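Everything below concerns the one structure shown next.
Just so it is clear, none of the values below were taken in a lab; they were calculated from the coordinates. The structure presented is a predicted model; accordingly, all values stated were derived computationally and were not measured. Counting neighbours? That spans all protein chains shown, and the Cβs are built from the backbone with ideal geometry, glycine included.
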Ligand code: HEC
C-alpha cells in the first residue's frame, strides 16, 4: 500500500496546505482581544501581581518553575513572603505549588487547572488579559460562569466579587461586513460567529451588577496579575533588558574614544 510518507514532496505539500488552513481559521475566528497594558520593568506592578497571584490563583494553579525566593528579585522582603504569600508548609526555596491536589481538582472541575509558569508564553499577554476580563454569568454551565474568550471553560470566576457580574449580549447581523464593523465598533472584547450563510452573531459583554472595585480599578488589578504571569514566564528577560541598556551605554562611550583615536591617526595625512 502507498502511504503518503512515501512521497515526501506530497507530504510536505499536504503539510503546507494544512498549516495555511489552520492559520486562516485562527484569523477568521472573529475574536477581538483587549491589549494588555502590562509593563514588565514596573516593579510595583509586579509586586502587586505576585500578591494577587498568591492570594487568588495559587489555590488551584501552581507555578512550578517559580521559587518563592525569586520574589525577592521583585523587591518583596523575605518576611513578607513568609507572612503573606506562602502556604504554612512551604519553604522559601520551594516552588509555587497549588494548595489543591491535582487529582481533586480534576475531579471537581472536570479538568485539572494547568500550571501557569509559562502560560503567558503559550497564550500571550493579550489573551490572558482578555480571558481574565471575559467571565460572564451563564446559568447553563456547572459553575454558573462562562467565558467569551474560552467557551465553556471549567474555571469558576474566582474574582467575581471584585469585578461584579457581566452578562452576554448577542446581536444578529445579516451580512459579514456588518458583523465585522460591529466588532470594531465594540472597542473592546468582542466575538463574531457565523451561524449560517445569512446570519452572523456578535457577542459582547455588559456590566450587570457592580463589584467591590470600579471597572477601571479592576482592570488595573488584572493588568498587574498578567504582568506578573508574563514575568514568571521568563524572569531573566528583565536582566537581559538591563544588560542590553548597559551594553549600549558602553558602546557609546567606546565610540567617542574610537573617533578621537581616528582623528589623531589621520591628522598628519590630511
Ligand atoms: C477554583 C480553582 C481555580 C482558581 C482559584 C483559579 N483557576 Fe484558573 N483554571 C481552573 C481550571 C479548573 C482551569 C481549566 C479550565 C478548562 O480547561 O476548562 C483553569 C484555567 C485557567 C487558564 C487557562 C489555561 C489554558 O490555557 O487552558 C488560565 C489562564 C487561568 N486558569 C488563570 C487563572 C488565574 C490568573 C487565576 C487567579 C486569578 C486562576 N486561574 C484561579 C481553576 C482555577
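General observations
- Among the residues of the stretch 130-167, the ones that are more than 12 Å from the ligand (Cβ to nearest atom), under 11 Å from residue 189 (Cβ atoms) and assigned to a strand (DSSP E or B) come to 2 in all.
- Of all the listed residues (232, 243), the sole one being free of Cβ contacts under 8 Å to residues at least 60 places away in the same chain and under 28 Å from residue 67 (Cβ atoms) is 243.
- Selection within the stretch 48-78 - more than 16 Å from the ligand (Cβ to nearest atom), out of contact with any strand residue (DSSP E or B) (no Cβ under 7 Å at 6 or more places or on another chain) and outside any loop (DSSP other than H, G, I, E, B): 69, 70, 71, 72, 73, 74, 78
- Each residue in the stretch 79-129 was checked for being over 30 Å from residue 29 (Cβ atoms), surrounded by 15 or more Cβ atoms within 10 Å (Cβ to Cβ) and near the ligand (Cβ under 10 Å from one of its atoms), and 2 of them qualify.
- Of note, residue 216 satisfies the criterion of being away from the ligand (no atom under 16 Å from the Cβ) and closer than 17 Å to residue 162 by Cβ.
- Screening residue 106 against (1) part of a loop (DSSP other than H, G, I, E, B); (2) free of Cβ contacts under 8 Å to residues at least 24 places away in the same chain leaves a single unmet condition, (1).
- Filtered by the rule that a residue be surrounded by 15 or more Cβ atoms within 10 Å (Cβ to Cβ) and free of Cβ contacts under 8 Å to residues at least 24 places away in the same chain, the stretch 181-207 gives a lone residue, 182.
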